[in-house]
Amino acid sequence: MLTHIIERVLQALLVMLVMSVLVFVGVYAIGNPIDVLISPDATQEIRQQTIAFYGLDKPLWEQYLTFLGRVLHGDFGRSFVFGMPVLELILSRLPATLELTLTAVIGATLVGVPAGIYAGYKPDSLLSKLIMAISILGFSVPTFWIGLVLIMAFAVELQILPAGGRGETATLFGIEWSFLTLNGWSHLLLPALNLAFFKLALMTRLARAGTREVMLTDTVKFARAAGLSEWTVLRRHVLRLIAIPIVTVFGLEFASTLAFAVVTETIFSWPGIGKLIIDSITSLDRPVMVAYLMLVAFVFITINFLVDLTYVALDPRLRKGRA
């Protein structure tokens with residue numbers, strides 16, 4: 001098991017190194033931030049001084065080695081636009097995105113998995129057909145359209161929930177959180193619901209497919225023959241057997257939602273890292289763009305690693321194979 005962990009860590013470091021090269025070259029090949037940073041009326045001398053100040057006059061390979069050396073010391077550079085350390089800037093926006101993502105993904109899982117299990121257990125019932133119809137809607141309707149409908153319905157027509165912003169926050173461990181206040185929850189509900197709709201459909205269909213498959217196995221037939229109640233069969237056998245694919249999807253969806261909640265954060269003016277990266281792309285703030293994409297790669301690698309360890313905890317056969 002220890003050998004497996006070491007191998008995965010080494011693989012992760014190699015992937016991060018390759019990603020750093022691809023991200024750096026890709027981002028630094030897009031546009032010239034000097035055109036945004038200084039006035040078009042600036043003299044050539046001022047222009048050259050600005051280029052030299054940011055190190056943009058050096059060859060690309062030298063800029064990359066300088067960047068890599070700083071990253072190894074935890075320094076991602078300074079934002080061209082905000083004039084502050086990039087890591088500090090991203091970490092200041094991360095709690096907003098993190099609480100929005102956790103609310104959406106956990107909520108979708110807590111509702112979608114039981115709904116999917118029920119739809120798989122009683123596929124011919126009217127409620128099961130309604131559940132599957134809603135899941136199809138979740139796959140079919142674009143996220144931005146759902147967000148606009150939610151704003152029109154709850155913020156404009158009914159006027160019971162705010163259309164944007166983060167609302168009041170409270171401090172916990174030195175970090176501002178919206179979920180700790182009632183006003184913050186009122187601001188969190190609509191963007192979280194918008195973000196969770198697709199995840200809910202995915203979890204529902206995954207749980208239904210797994211339940212339908214497991215219900216036909218000999219394990220369930222023997223459990224019923226032994227006189228176990230249907231609730232016990234569902235809890236001890238069905239849920240346990242479909243747990244691994246659900247954990248996989250939960251991990252991947254959490255990572256993708258955390259990294260790419262851009263549309264929702266833009267529609268609801270949610271001050272997270274998704275909105276930050278949109279503003280950075282508009283202003284060609286290269287250090288922020290590079291750091292954000294590196295963070296995305298790190299999040300996916302870390303969550304894949306944790307999901308792999310969770311497999312071992314859920315499936316005894318994997319523990320025996322790596323013992």
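With contacts taken as Cα pairs under 8 Å at a separation of at least 6 residues, the stretch 156-274 carries a relative contact order of 26 percent. Residue ranges 243-254, 197-208 sort as 197-208, 243-254 when ordered by packing (mean number of other C-beta atoms within 10 Å per residue, highest first). Against the main long axis of the alpha-carbon atoms of the chain, helix 86-121 sits at an angle near 20°. FRET efficiency for the residue 110 to residue 18 pair, using the beta carbon distance and R₀ = 45 Å, is estimated at 0.75.
This model, with +1 at the C-beta of Lys and Arg and -1 at the C-beta of Asp and Glu, gives the stretch 76-173 a dipole about its Cα centre of some 160 debye.
Mind checking the dipole of the chain: about its Cα centre, +1 per Lys or Arg Cβ, -1 per Asp or Glu Cβ, Debye to the nearest 20?
1560 debye
Taken along the Cα-to-beta-carbon direction at a fixed 7 Å, the label points for residue 66 and residue 43 span 2.4 nm. In order along the stretch 9-16, phi translates into HN-Hα couplings of 5, 5, 4, 4, 5, 5, 4, 4 Hz, rounded to whole numbers, per the Karplus curve 6.51 cos²θ - 1.76 cosθ + 1.60 with θ = phi - 60° and x for Gly and Pro. For the chain, rounded, prolate or oblate, judged on the Cα gyration tensor with a ≥ b ≥ c (square roots of eigenvalues), a/c < 1.5 rounded, else prolate if a/b > b/c? Since a/c reaches 1.5 but b/c is at least a/b, the shape of the chain is classed as oblate. Contact order, relative form, for the chain: 26 percent (alpha carbon pairs under 8 Å, 6 or more residues apart, mean separation divided by residue count). Evaluated at q = 0.09, 0.17 Å⁻¹, a Debye calculation over the C-alpha positions of the stretch 165-323 (equal weights, vacuum) places log10 I(q)/I(0) at -0.47, -1.11. Quick check: at a probe of 1.4 Å, how many percent of the accessible area of the chain sits on carbon and sulfur atoms? C and S atoms contribute 69 percent here.
In the chain, a dipole from Cβ-located charges (positive for Lys and Arg, negative for Asp and Glu) runs towards its positive end, and of 211, 113, 144 it is 211 whose Cα lies farthest in that direction.
Comparing 228, 56, 161 in a Gaussian network model of the chain (Cα springs below 10 Å), the most mobile by mean-square fluctuation is 228.
Per residue, the stretch 23-175 exposes an accessible area of 58 Å² to a 1.4 Å probe, with every protein chain left in place.
Is the shape of the stretch 1-159 rounded, prolate or oblate, going by the alpha carbon gyration tensor and its root eigenvalues a ≥ b ≥ c, with a/c under 1.5 for rounded and a/b larger than b/c for prolate? Oblate is the answer for the stretch 1-159, as a/c is 1.5 or above yet b/c matches or exceeds a/b.
The values are calculated or read from the model by the stated rules, or taken from the named source; none is laboratory data. Fair warning: this is a prediction, and the values are worked out from it, not measured in the lab. As a convention, Cβ positions derive from the backbone with ideal geometry for all residues, glycine included, and neighbour counts pool all protein chains shown. Heads up: the accessible areas ignore ligands, DNA and RNA and are worked out on the full protein's heavy atoms, side chains in. Shrake-Rupley method; radii C 1.70, N 1.55, O 1.52, S 1.80 Å.
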